[in-house]
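A quick write-up on the structure given underneath.
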Amino acid sequence: MAGIDSRIVIVGLPQVAASLRADAEQAIWITQSYVLGSTVALLLVGRISDIVGRVKLYTSGFAVFTVGSLLTSLALDPAQVIAFRAIQGLGSAILFTNSAAMIVDATPSHELGLSLGINQVAFRMGSMAGLTLSGIILSFLDWRALFYVNVPIGIFGTAWARLRLREVGKLERGAPIDWGGFVTFTVFIMGLLLALTLAAYGVVETRTVAVLFAVSVVSLGLFVVLERRHPHPLLDLKLLRIREFTGGVVAQLLNAIAFGAVLLLLSLYFQLVLRQSPLTTGLLMIPLDIATLAAGPLSGRLSDKYGHLPFTTSGLAVISLSLFLFSTTDESTPYSHLVAYMLLFGAGLGFFASPNISSIMGSVPPERRGIASGFRATFFNVGYTISLNLAILITTFTVPYVLVTQIIASGSTAGISDADRILFAQGIKTTYLWLAAINTLAILPSLLRGRRSNRHEPAGIAVADP
């Protein structure tokens, strides 16, 4: 479900923006609001799941996501789409946070990497379906069908989760919720993401961005103070003392900053530089997901046997190589070269993701898995949001913002000169180069977290069997 919706808008974004007459800022917020809506709730969802149970919350997440999808399909203007996408994001936060925690609760330690790898396959299958499904839908139906297609799936998922899932995790029933921590963390995240977005688009004065950054920093300071004093904190800061947990989360953050915008850049490249249709674009991007589907479970199983470190590090290195290769492409690059680059990127992502999640979740005590998963997901979403903003910002170093708006909002390069189209392709190339550098930085925290074989649980940590 999350996989489908993470991609279904990417291919259709130019069409959605053109239909709603949205400018570049509004077009990106259609994707950003989904991420923002989920990010602000992740820690709270993780904490509540540790108290009331992962299964109850997971089931409610399906319902919220389905309602958000229905409302988005009925929206009349860009503002409504943005607001209802945020509701979808809240539902996805509940699903995203609890799925990994439930899998860790129910899986023996020697199978953890494989189980999380299978979960990644489910996400990637949805992602692949999202790419192709969006192209098919837009070839025959209005953009609203991109969202109401989620409704029957969501109804089925809600009912199935209600009937089939059972709680097996260790919980802290009756513990109070740290609402002060939630408020200060929400202000911190919203201030940070809004400041980054407004800075990327240059639509407000520098003073406004500075104020938002200042509010974000102050809120973060208050959050840390409150968490250190609260007997049942929203985020147990002691988790950061676990080197494996911290190293994995920081590596994931940097990797998310590097890869978050890649799919959008590829979609814009195929549609606006190579002038392909939405359906063709979705089909052309499938090799990326095929590689991830193949590499995910394989790396998960191998990391169960040999430890996470060889796979997380090599995966990051392959991702950096592929991003560098993407930076060499232009409007005349053969598709066979693009396929090779996408296969490298997808394989690297598959080799990194499953062992990294297994390393993070396997390093924390059972009663902290919900909040640990929420913290991990928060860092991922923050990195993903930064990536989208950073991509636009770097692109405007080469391409005037007015031209970027014109190309994205029009949904095509009709009326755009060949010189401007080539300039837009150059901006995309520059962005890939920056993303490659950022992803390379993720190798350091991945290495510094140390080596731990997943065949044995750390002292004091037990995994609940199914």
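General remarks:
- Ratio of the Cα radius of gyration of segment 234-325 to 2.2 N^0.38 Å, where N counts its residues: 1.39
- Between segment 51-87 and segment 257-297, the alpha-carbon center distance in angstrom: 26 Å
- Computed P(r) (all Cα pairs; segment 112-165; 10 Å bins; percent): 21, 38, 31, 10, 0
- In the chain, the longest principal axis of the Cα atoms and the axis of helix 369-398 are about 20 degrees apart.
- Report note on the peptides 351-361, 36-46: ranked by the mean count of other C-beta atoms within 10 Å, highest first, their order is 351-361, 36-46.
- Qualifying trypsin sites (Lys or Arg not before Pro) in segment 154-244, DSSP loop, other Cβ atoms within 10 Å at most 12: Arg166, Arg173
- In Å², nearest 10: area of Phe156 left accessible to a 1.4 Å probe: 130 Å²
- For segment 193-288, the solvent-accessible area with a 1.4 angstrom probe is 43 square angstrom per residue.
- When Met102, Met285 are compared by accessible area at a 1.4 angstrom probe, the order from most to least is Met102, Met285.
- Per-selection Rg to Rh, the chain - Cα, Kirkwood hydrodynamic radius: 0.95
- When the inverse distances between all different Cα atoms of segment 139-234 are averaged and flipped, the Kirkwood radius reads 17.6 angstrom.
- Accessible surface ranking that places the most exposed of Leu90, Leu390, Leu265 first, with a 1.4 angstrom probe: Leu90, Leu390, Leu265
- Principal-axis tilt of helix 335-362 within the chain, Cα atoms, nearest 10 degrees: 20 degrees
- This model, with +1 at the C-beta of Lys and Arg and -1 at the C-beta of Asp and Glu, gives segment 236-319 a dipole about its Cα centre of some 120 debye.
- Residue order for Trp143, Trp29, Trp160 - accessible surface, 1.4 angstrom probe, largest first: Trp160, Trp29, Trp143
- Prolate/oblate/rounded call for segment 291-330, Cα gyration tensor, a/c under 1.5 rounded: oblate
- Whether segment 292-399 is rounded, prolate or oblate, judged on the alpha carbon gyration tensor where a/c under 1.5 counts as rounded: oblate
- Size of electric dipole in segment 245-376: Cβ of Lys, Arg +1 and of Asp, Glu -1, about Cα centre, debye, nearest 20: 340 debye
- Computed with a 1.4 Å probe over protein heavy atoms only, the accessible area of Tyr306 comes to about 120 Å².
- Amide H contacts for Gln276 (H built 1.01 Å from N in the peptide plane; partners 5 or more residues away or on another chain; cut-off under 5 Å): Gln271.
- Cα gyration tensor category, rounded, prolate or oblate, for segment 167-295 with a/c compared to 1.5: oblate
- Residue-span extension gain [Leu163 to His230] - 0.36 nm each, minus C-alpha spacing: 20.5 nm
- Using alpha carbons only: equivalent-ellipsoid semi-axes of segment 1-102, gyration tensor based, whole Å: 27, 11, 11
The values are calculated or read from the model by the stated rules, or taken from the named source; none is laboratory data. Note that the structure is a prediction, hence the values are computed from the model and not measured. Backbone-built Cβ (ideal geometry, glycine too); neighbour counts: all protein chains shown. Only protein heavy atoms, including side chains, enter the accessible area calculation; ligands, DNA and RNA are left aside. Shrake-Rupley method; radii C 1.70, N 1.55, O 1.52, S 1.80 Å.
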